[in-house]
Amino acid sequence: MQLGMVGLGKMGANMVRRLMRAGHECVVFDLSQDAVQEMVGDGATGSTSLEDFASKLAKPRAAWVMVPCGKPTDAVVGKLAEHFEEGDIVIDGGNYYFEDDLRHADDLKEHGIHFVDAGTSGGVWGREEGYSLMIGGEDDIVGHLEPIFSTLAPGVGDTPRTEGREGDPVPCEKGYVHCGPVGSGHFVKMVHNGIEYGIMQAYAEGFDILRNAENLDLGGDMPYHLKLDEVAEVWRRGSVIRSWLLDLSAQALLKDPQLESFDGFVSDSGEGRWTAEIAIKSATPAPVITSALYARFRSRQQHTFGEKLLSAMRYGFGGHVEKKG
């Protein structure tokens, strides 16, 4: 199947590589022509403008937008509307606010263009491991795009099957799910990232307590000088708190036990705020997610070892380089 990709950053470029490796044809565009030419070298069809990009896609066109949310996404979607035609499809794979998806869908509908939102999780590891996809859109349009979603997703792999599931694996077991109408994919991804904030904060606080044990009088002959990389490693094996985020923590602590390469300034990309706002609007208690968000705000004033670990995890899964405070 043919797909256009607008945005060749850390995720967009690797998604194109994963698709092409499976035999899909990709047309690419980015403001950086160097990035475009790099992908051309890997087998993609390059383009010099969004007009050129649209001209190289077969009808009905399908374009995946993978640029920063906000004005950059608005600009790209608006420009594609000028060059696409009735029956074409625009997919937003970034971390956009779900209510803005509804605005995009309405704007594109005036031109007869379909809109799909695809919450995408996988970070810099997705090229090899696959991407978890949470999709919102019309049934027939999502169905038309299923070969793309199926290729980008991890597949069944070696994840044990949930007890009680029988028969052939369904899409959610392969790593992608059609959540419902437009906006629902990004809504689910928003909450996913809010949960991520809470899990990361728990690890950060726990390892901060372990590190500071050496400063306490714990009633024995001497304080505990714990090797945090070894604690993380043993927790990875059989523990009830094992996870990919713990794997990344173990890697960071082994490489840099004091996390001296991290400042401890922790950014937030928006989804945690949105999740907290929706929790308030729906009167849903969410103290862990909300506290984790506030902890990130505080990290920009003073930095702890735990916040360095948060930065290390963000770098590990997404290649995020924090702005120094």
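Return yes or no: is S239 open to solvent by less than 90 Å² (accessible area, probe 1.4 Å), farther than 28 Å from G94 by Cα and under 26 Å from the mean Cα position of the chain (by Cα)? Judged against the criteria, S239 is a match.
Note on region 179-210: residues that are open to solvent by 70 Å² or more (accessible area, probe 1.4 Å) and not β-branched (V, I, T) amount to 3. Is there a residue being assigned to a helix (DSSP H, G or I) and surrounded by fewer than 21 Cβ atoms within 10 Å (Cβ to Cβ) anywhere in region 152-171? Yes, the conditions are met somewhere in region 152-171. Name the residue that is nearest to the chain's Cα centre (by Cα), counting only residues in region 13-25 that are in contact (Cβ under 8 Å) with a residue 60 or more places away in the chain and surrounded by fewer than 22 Cβ atoms within 10 Å (Cβ to Cβ). Result: N14. Just one of the listed residues (H104, H83) is modelled with pLDDT of 95 or more and farther than 24 Å from V36 by Cβ, namely H104.
Taking the condition among the aromatic types (F, W, Y) and within 13 Å of the chain's Cα centre (by Cα), does Y197 pass? Spelling it out, Y197 is indeed among the aromatic types (F, W, Y) and within 13 Å of the chain's Cα centre (by Cα). In region 54-76, the residues that are closer than 15 Å to F29 by Cα reach residues that are charged (D, E, K, R) with C-beta atoms within less than 7 angstrom, at least six apart or across chains, in these pairs: A54/R61; R61/D88; V65/D92; T73/D92. Taken over region 1-12, residues that are modelled with pLDDT of 95 or more and surrounded by fewer than 20 Cβ atoms within 10 Å (Cβ to Cβ) amount to 2. For beta carbons closer than 6 Å, sequence separation of 6+ or different chains, a first residue in region 162-179 that is within 16 Å of G130 (Cβ to Cβ) and a second that is of a type in the set (S, T, Y), the qualifying pairs are G175/S132. Of the residues making up region 211-232, those that are under 17 Å from L248 (Cβ atoms) and surrounded by fewer than 19 Cβ atoms within 10 Å (Cβ to Cβ) number 3.
In region 136-148, the count of residues that are of a type outside the set (S, T, N, Q) and touching a Cys at 6+ places or on another chain (Cβ under 8 Å) is one or more.
Here the condition is being among the aliphatic types (A, V, I, L, M), open to solvent by 20 Å² or more (accessible area, probe 1.4 Å) and more than 14 Å from I148 (Cβ to Cβ); of V67, V36, V28, it holds for V67 alone. Checking each residue in region 39-64 for being open to solvent by less than 10 Å² (accessible area, probe 1.4 Å) and either more than 23 Å from A118 (Cα to Cα) or hydroxyl-bearing (S, T, Y) (or both) picks out only S47. So which of G94, G119, G112 is of a type outside the set (F, W, Y) and more than 22 Å from G318 (Cβ to Cβ)? The unique qualifying residue is G112.
Out of the residues in region 306-325 meeting the condition of being surrounded by fewer than 19 Cβ atoms within 10 Å (Cβ to Cβ) and in a helix (DSSP H, G or I), tell me which one is modelled with the lowest pLDDT. Restricting to residues being surrounded by fewer than 19 Cβ atoms within 10 Å (Cβ to Cβ) and in a helix (DSSP H, G or I), the top hit is G318. If you check A283, A292 for being under 24 Å from the mean Cα position of the chain (by Cα) and either outside any helix (DSSP H, G or I) or not polar (S, T, N, Q) (or both), only one passes: A292. One residue stands out among those in region 108-125 that are surrounded by fewer than 23 Cβ atoms within 10 Å (Cβ to Cβ), within 21 Å of L8 (Cβ to Cβ) and of a type in the set (G, A, S): the one that is modelled with the highest pLDDT, which is S121. With respect to A283, is the statement that it is among the hydrophobic types (A, V, I, L, M, F, W, C) and open to solvent by less than 30 Å² (accessible area, probe 1.4 Å) true? Considered against the rule, which asks whether it is among the hydrophobic types (A, V, I, L, M, F, W, C) and open to solvent by less than 30 Å² (accessible area, probe 1.4 Å), A283 comes out as no. Scanning region 131-141 for residues that are part of a loop (DSSP other than H, G, I, E, B) and either aliphatic (A, V, I, L, M) or open to solvent by 10 Å² or more (accessible area, probe 1.4 Å) (or both) returns a single hit, E138.
Evaluation of K189 against the conditions (1) within 27 Å of E86 (Cβ to Cβ); (2) not in a strand (DSSP E or B) shows that the sole unmet condition is (1).
Does P223 satisfy being closer than 14 Å to G198 by Cα and free of Cβ contacts under 8 Å to residues at least 40 places away in the same chain? So P223 fails the test. Restricting attention to region 251-275, the residues that are open to solvent by less than 10 Å² (accessible area, probe 1.4 Å) and of a type in the set (A, V, I, L, M) total 3.
The values are calculated or read from the model by the stated rules, or taken from the named source; none is laboratory data. Nothing here was measured: the structure is a model prediction, and the numbers come from that model. Methodologically, a virtual Cβ is constructed for each residue, glycine included, from the backbone with ideal geometry; neighbour enumeration extends over all protein chains shown. Just so you know, the surface numbers come from the protein's heavy atoms only, side chains and all, with ligands and any DNA or RNA stripped out. Shrake-Rupley method; radii C 1.70, N 1.55, O 1.52, S 1.80 Å.
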